[in-house]
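The values are calculated or read from the model by the stated rules, or taken from the named source; none is laboratory data. Note that this is a predicted model, so its numbers are computed, not measured. Positions of Cβ are backbone-derived with ideal geometry, glycine not excepted, and every protein chain shown enters the neighbour counts.
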Amino acid sequence: MNGADERVHYRACNLCEAMCGIEVRVQGGAIAAIRGDAADPLSRGHVCPKAVALKDIHSDPDRLRRPLRRKGGDWEEIGWEEAFDLVAERIRELQARHGRDALAVYLGNPTVHNYGNLTHGPAFLRLLKTHNRYSATSVDQLPHQLVALWMYGHQFLLPIPDLDRTQFFLVLGANPMASNGSLMTVPDFPGRLAALKARGGKMIVIDPRRSETARVADEHHFIRPGTDAALLLALLKVIFDEGLAQPGRLAEFSDGLETVRAALAAFTPQRAARATGIAAETIVRLARELAAAERAAVYGRVGLSTQRFGTLCQWAIQLLNLVTGNLDRAGGTRVTQPAVDLIGARLVGPGHYGRWKSRVRGLPEFAGELPVAALAEEIETPGAGQVRALLTVAGNPVLSTPNGPRLERALGRLAFMVSIDFYLNETTRHAHVILPPTSALEHDHYDLIFHALAVRNTARYSPALFAKPAGAKHDWEILYELGRRLTEDRRVRARLRLRPDQLIDIALQHGPYGALRKMPQAAVVAKVVAQAAVARLAPRLAELPDRLLGAARKFLPRASAAPALSIAALKAHPHGVDLGPLQPAFPQRLWTKNKRIRCAVPELLAELPRAERELLDAPEADGQLRLIGRRHVRSNNSWMHNSERLVKGKPRHQLLMHPEDLAARGIADGARVQLSSRTGSVEVEVRASEEMMRGVVSLPHGYGHHRPGTRLRVAKAHAGASINDVTDEAWLDTLSGNAALNGVPVRVEAA
Ligand SMILES: Nc1nc2c(c(=O)[nH]1)N[C@H]1C(S)=C(S)[C@@H](COP(=O)(O)OP(=O)(O)OC[C@H]3O[C@@H](n4cnc5c(=O)[nH]c(N)nc54)[C@H](O)[C@@H]3O)O[C@H]1N2
Ligand SMILES: Nc1nc2c(c(=O)[nH]1)N[C@H]1C(S)=C(S)[C@@H](COP(=O)(O)OP(=O)(O)OC[C@H]3O[C@@H](n4cnc5c(=O)[nH]c(N)nc54)[C@H](O)[C@@H]3O)O[C@H]1N2
Ligand code: SF4
Ligand SMILES: [Mo]
């Protein structure tokens, strides 16, 4: 191989939220090596073992490259035009016959890791005009967004821990050592934690399992699954009762703190101790330390949002950060200033709640989506509005949503199902047509979502590494092709025809919010006027053919004197650009009408009596085993277990259980056990583990690849069992409708 054949390509890994910069060496058209990009201002050279899987996915013979149509018990490859016509025809026909809501849509997690789906998804979904929209949001972060809407007026005003400056980091229900952070884009968590400790800071972890993150913490406390709301509200109460609340300038634009204080009477440290298993003295000490810390951040993630009182937990976290004066403070928690300001550029709306309810169970919509825990019953239950067709995009709900087997049976009853996905897996095997998009390395990328959730403001554009193969389609092109067949609206069709980078270029030129703040008032006004013009013109631009678009943009006013970002500017900086640490943003960026923070949210206050009954009055340690989930750095949700290099070594999908809990049942370490719940039962191998709290068992999600009819070469040893065969679609965070995937009551018996 001579040097001329070799090239180096820089991009961001899009497999998880950390968006690490990577350096890819290509030799003779094949990837020779993938390593961290030391010049990336955010990730600074960090990568995890999953980065190499980008290559494995790209070259995976299991990855679909041509549309498939189900034919009896088998599949046949068909052409794109035929596939698009067929899908559009079936959707049109079913919606015409049974109404718009007869079509349901499920968007999976990689939707947010693929910017073409983000630039084109919303416009496409709108034209389908269905109320039956579902996504991975309601098995994940819905409570965060709901609380942000209620308190700050916008679902996407999500304060992020300012990890690089904090001195006191209280982590609940998150394991960034394995997950690399979530709603906190934080590549190189280990390095950043080391820096925190080196400057005298402290990390405390609350988790029913002594997780990888708990192991490197200064303190770890076990907590009974699902009881975090009791702990958090007790912390808040101690801070109020002891006169430690010091919201500082936040008090000037926060309403209802007094009402909140008055509503906490029941949540004493003693009663919280009984509920959580954390000693009352510890709760009091943690409250005092949190209040005394100069710069502190309280952070709770998946373990907290996917439990019975998930929304209450996220509210209590916001309040703790607020009353200690840490919200919007350096080293506390702050909203970000992304180069593409999703909120300011109105790429994400503020959201709404409860405008309609799911047909069968009456669960509330949020931001136009219904909780996915209701999808199976919406397919099964006859009547007007019954779901008869389903489109899935980048999702595997059979493995990732509660009571997967029920959903699986329901999928088998659909009149039509189409999946935009490049694997024939546990979910897509039920489709009638599968439309496979290009691999991540065949398209360009800009992290619209994760730049907006990162611990530092940076921007990075990744061009495609490989040219799109002949006869391949990107996700956005698939949406465009379907869209233009399903609508007569010329504007919508024109809008869908624009490439993602053209749309993002317009958004980038709105400029970072941070730059706005530093400008003199007159310049700000000038810029806002200019921005409004751009915003008004942008949809019109969509109607222009490519050739005219470039010309038209020249006449648009440049946003500001500050060097405006653009796709071209980012291309000139292949490692990304640094836009600096998180900046203050409140009250200016609050989206509430009165520009004030709403603390006393009536819906949440109304939850307190229920929390008191179910958490504080519940019999102490009811003897019931509780099931929780976990993640591993060498596994990614449900879809990368066929990368041999990634899963190699001993299987990691055993049920973890405390040795004494095993002994009490006469079960040996390594035995096969039956794990059962109200909804179902799976057989798994059990592993004795001192890292588990007594009475709690842990199983990772995303396994269960033994199902027939898939085209995945997952080695038998790595097939595992699906935790969501035993999670419960009726076990919810009632306020939001988010699935309570953690804390599910279960039994474990020898198989
Ligand atoms: N390697 C890897 N990285 C990933 C993913 C992956 O699958 N693999 N998935 C990505 C996705 S989609 C997401 S959303 C993020 C999630 O990122 P994280 O939120 O960090 O998710 P987990 O690693 O599941 O950590 C959840 C923790 O909550 C604990 N827990 C469970 N129940 C409770 C409870 O009741 N109370 C408390 N206090 N703790 C509880 C669990 O023991 C676990 O340690 O990770 C992302 N990154
Ligand atoms: N019990 C339990 N269940 C959980 C969780 C838990 O902690 N415990 N975590 C929950 C969380 S946080 C999440 S986010 C969900 C994830 O749930 P889902 O999003 O439903 O599932 P994934 O496993 O992420 O599946 C992703 C699918 O997208 C496809 N795909 C990958 N990249 C692309 C792409 O670029 N384009 C297209 N079109 N398809 C692509 C893959 O082939 C795969 O089929 O699982 C949830 N389920
Ligand atoms: S942590 Fe791993 S999977 Fe996540 S972006 Fe970085 S390299 Fe990719
Ligand atoms: Mo997630």
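Summary table
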item: Selected residue (criterion: nearest to ligand 3 (Cβ to nearest atom)) from residues of the stretch 96-117 that are within 10 Å of R388 (Cβ to Cβ) and out of contact with any helix residue (DSSP H, G or I) (no Cβ under 6 Å at 6 or more places or on another chain); result: A104
item: Test: L250 is in a loop (DSSP other than H, G, I, E, B) and touching a Lys or Arg at 6+ places or on another chain (Cβ under 9 Å); result: no
item: Which listed residue is more than 16 Å from ligand 4 (Cβ to nearest atom), of a type outside the set (V, I, T), more than 23 Å from T438 (Cα to Cα) and touching a residue at least 24 places away in the same chain (Cβ under 8 Å), from A104, A88; result: A104
item: Criterion: part of a strand (DSSP E or B), crowded, with 17+ Cβ neighbours inside 10 Å and over 27 Å from the mean Cα position of the chain (by Cα) - qualifying residue of V686, V697; result: V686
item: From the options A459, A431, residue that is touching a helix residue (DSSP H, G or I) at 6+ places or on another chain (Cβ under 9 Å), touching a residue at least 60 places away in the same chain (Cβ under 8 Å) and under 30 Å from A389 (Cα atoms); result: A431
item: Among the candidates L68, L42, L15, L64, residue that is more than 19 Å from H443 (Cα to Cα) and within 16 Å of ligand 2 (Cβ to nearest atom); result: L68
item: Some residue of the stretch 722-731 being over 29 Å from R361 (Cβ atoms) and not in a loop (DSSP other than H, G, I, E, B); result: no
item: Residue, farthest from ligand 4 (Cβ to nearest atom), within the stretch 687-701, restricted to residues that are of a type outside the set (K, R) and in contact with a His (Cβ under 6 Å, 6 or more places away or on another chain); result: M692
item: Selection from the stretch 418-436 of residues that are surrounded by fewer than 24 Cβ atoms within 10 Å (Cβ to Cβ) and over 15 Å from D62 (Cα atoms); result: H430, H432, V433
item: Residue in the stretch 128-135 that is surrounded by 24 or more Cβ atoms within 10 Å (Cβ to Cβ) and within 30 Å of L320 (Cβ to Cβ) present; result: yes
item: Enumeration of residues in the stretch 152-189 that are farther than 19 Å from G300 by Cβ and either within 16 Å of ligand 3 (Cβ to nearest atom) or out of contact with any helix residue (DSSP H, G or I) (no Cβ under 8 Å at 6 or more places or on another chain) (or both); result: G153, R165, P187, D188
item: Check on R346, closer than 21 Å to Q307 by Cα and touching a residue at least 40 places away in the same chain (Cβ under 8 Å); result: no
item: Odd one out for E289, checked against (1) in contact (Cβ under 8 Å) with a residue 60 or more places away in the chain; (2) in contact with a Leu (Cβ under 7 Å, 6 or more places away or on another chain); result: (2)
item: Qualifying residue in the stretch 190-205 (condition: in contact with a Pro (Cβ under 7 Å, 6 or more places away or on another chain), within 29 Å of I597 (Cβ to Cβ), in contact (Cβ under 8 Å) with a residue 12 or more places away in the chain and within 16 Å of ligand 3 (Cβ to nearest atom)); result: no
item: Answer from L125, L149 - the residue that is more than 16 Å from ligand 3 (Cβ to nearest atom), more than 17 Å from the chain's Cα centre (by Cα) and farther than 22 Å from E380 by Cβ; result: L125
item: Leading residue by the ranking (farthest from the chain's Cα centre (by Cα)) among those in the stretch 622-633 that are modelled with pLDDT of 95 or more and more than 14 Å from ligand 4 (Cβ to nearest atom); result: L625
item: Subset of the stretch 309-346 that is among the small types (G, A, S), assigned to a loop (DSSP other than H, G, I, E, B) and touching a Pro at 6+ places or on another chain (Cβ under 7 Å) - its residue that is farthest from L741 (Cα to Cα); result: A339
item: Single unsatisfied condition, E82 versus (1) at negative phi; (2) surrounded by fewer than 17 Cβ atoms within 10 Å (Cβ to Cβ); (3) touching a residue at least 60 places away in the same chain (Cβ under 8 Å); result: (3)
item: D140 over 30 Å from R92 (Cβ atoms) and within 16 Å of ligand 2 (Cβ to nearest atom); result: yes
item: Subset of the stretch 555-578 that is farther than 17 Å from A38 by Cα and of a type in the set (D, E, K, R) - its residue that is modelled with the highest pLDDT; result: K571
item: Residue tally, condition within 16 Å of ligand 1 (Cβ to nearest atom) and within 19 Å of H131 (Cβ to Cβ), over the stretch 93-110; result: 2
item: Of all residues in the stretch 173-211 being near ligand 1 (Cβ under 8 Å from one of its atoms) and outside any loop (DSSP other than H, G, I, E, B), the one that is nearest to N14 (Cα to Cα); result: S179
item: Residues that are among the polar types (S, T, N, Q) and closer than 23 Å to R63 by Cβ, drawn from the stretch 641-660; result: N642, S643
item: Members of the stretch 637-651 found to be in a loop (DSSP other than H, G, I, E, B), within 14 Å of ligand 3 (Cβ to nearest atom) and either in contact with a Cys (Cβ under 6 Å, 6 or more places away or on another chain) or on the phi < 0 side of the Ramachandran plot (or both), listed by number; result: W639, M640, S643
item: Residues (at pLDDT 95 or above, in contact with a Leu (Cβ under 7 Å, 6 or more places away or on another chain) and outside any strand (DSSP E or B)) located in the stretch 347-365; result: P350, G351, S358, L363
item: Among (1) crowded, with 22+ Cβ neighbours inside 10 Å; (2) on the phi < 0 side of the Ramachandran plot; (3) more than 16 Å from ligand 3 (Cβ to nearest atom), the one test that D218 misses; result: (1)
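Matching residues to (1) within 16 Å of ligand 2 (Cβ to nearest atom); (2) touching a residue at least 60 places away in the same chain (Cβ under 8 Å); (3) within 25 Å of the chain's Cα centre (by Cα):
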{"position": "E6", "(1), (2), (3)": "no, no, no"}
{"position": "M19", "(1), (2), (3)": "yes, yes, yes"}
{"position": "C48", "(1), (2), (3)": "no, yes, yes"}
{"position": "A53", "(1), (2), (3)": "yes, yes, yes"}
{"position": "D56", "(1), (2), (3)": "yes, yes, yes"}
